[in-house]
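The values are calculated or read from the model by the stated rules, or taken from the named source; none is laboratory data. Quick caveat: nothing in here was measured; it's all calculated off a predicted structure. Here the Cβ positions follow ideal geometry from the backbone for every residue, glycine too, while neighbour counts run over all protein chains shown. We work out accessible area using only protein heavy atoms, side chains counted, and drop any ligands, DNA or RNA first. Shrake-Rupley method; radii C 1.70, N 1.55, O 1.52, S 1.80 Å.
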Amino acid sequence: MKNKIVFGAGMAAGYVLGTRAGRGSYEQIKTKAQQLWNNPKVQDTVASTTGTIKSKAPAVQDSLKGALKKGGSGSDDGAKKPSEPGVAVGASGDLPLDVPPVVTAM
């Protein structure tokens, strides 16, 4: 359900940003979005989700603190040791930094 709402919001935003139909289309989308947001079912879901997050946040925070204390690398910055010493890797850890970017002309 969440994915459908996000997809619908993305479609609406894309339409609004890409349309040349004018103010009428924008107003129509805006009205539909307000109707959806003001729907009692949507508001009940938002309220229950907010309550659940607030009630579980302290437990999640404690769990993360414990995991960080246990799984640390021993360094102060939280960095892991490289798997292959002497090879510099990018931020994603998948490409060496000394490989030039590929540029193609069209």
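Spin-label pair residue 45-residue 15: with each label point 7 Å from Cα along the Cα-Cβ axis, the two points sit 1.8 nm from one another. Residues within the reach of a label modelled at residue 7 (point 7 angstrom out along Cα to beta-carbon, backbone nitrogen below 20 Å), restricted to segment 33-57, are 33, 36-37, 42.
Among 1, 11, the sequence by solvent-accessible area, most first, with a 1.4 Å probe is 1, 11. Structure note, pairs 2/56; 4/65; 2/70: Cα-Cα distances above 23 angstrom occur for 4/65; 2/70.
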